[in-house]
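Inspection log for the structure reproduced underneath, given as structure tokens.
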Amino acid sequence: MGYRLKKQGCSLALKPLAGNLASQVFAFGLFIASIFSATILPLATAFYVCEAFGFEAGIDKKWDEAKEFFSLYTGILVIAVIVILLPNAPLIKISLWSQVLNGILLPVVLICMIILVNTKR
């Protein structure tokens, strides 16, 4: 049964709850999650990079007040769009390698954060 469920897709697990619309509900959930992460992740990255380097940051600021923040945010979005729209781009491999890179860099980021937090000045 487990193999059959894997082979037929994850949306079958939703069938008792969502009925015949299970695959549509699952697809809608994936769509919302991707839109959420595509907007929030670059925004958070731009915010934290600007905070780390002492630049003004925030979506409530004007372009003239936070040029670095908006430039970084726009740059991240443009790079992401270019990568996604590359013809024949191996998107699954790109996704997996980005997670591998994330796992490698996360301890470095955490150590840097601990050092920053414990610095008295």
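Ranked highest first by average number of other Cβ atoms within 10 Å, how do 46-59, 93-106, 20-33 line up?
On the way: 46-59: 15.0, 93-106: 10.2, 20-33: 12.6.
Packing proxy ranking, top to bottom: 46-59, 20-33, 93-106.
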Quiz prompt | Cα shape, the chain, gyration tensor, a/c 1.5 rule | solution = prolate
Practice problem: Eight or more residues apart or on different chains, and alpha-carbon atoms under 28 Å: count the Lys pairs in the chain matching that. | Solution: 4
Quiz prompt | Rounded to 10°, Cα long-axis angle of helix 22-53 versus longest principal axis of the chain | solution = 10
Self-check item: Descending semi-axes in whole angstrom, ellipsoid equivalent of the range 72-117, from the Cα gyration tensor
Solution: 28, 16, 4
Exercise. With runs of 4+ DSSP H residues as the only contributors, calculate the mean residue ellipticity of the chain at 222 nm using -39,500 (n - 2.57) per run, divided by the residue total and rounded to the nearest 500.
Key: -25000 deg cm²/dmol
Quiz item: Mind checking the angle between helix 67-85 and the chain's longest principal axis? C-alpha axes, 0 to 90 degrees, to the nearest 10.
Solution: 30
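Rule-based calculations on the coordinates, nothing more; no lab input. Note that the structure is predicted; figures quoted are calculated from it, not measured. All Cβ positions, even for glycine, are placed from backbone atoms using ideal geometry, and neighbour counts span all protein chains on display.
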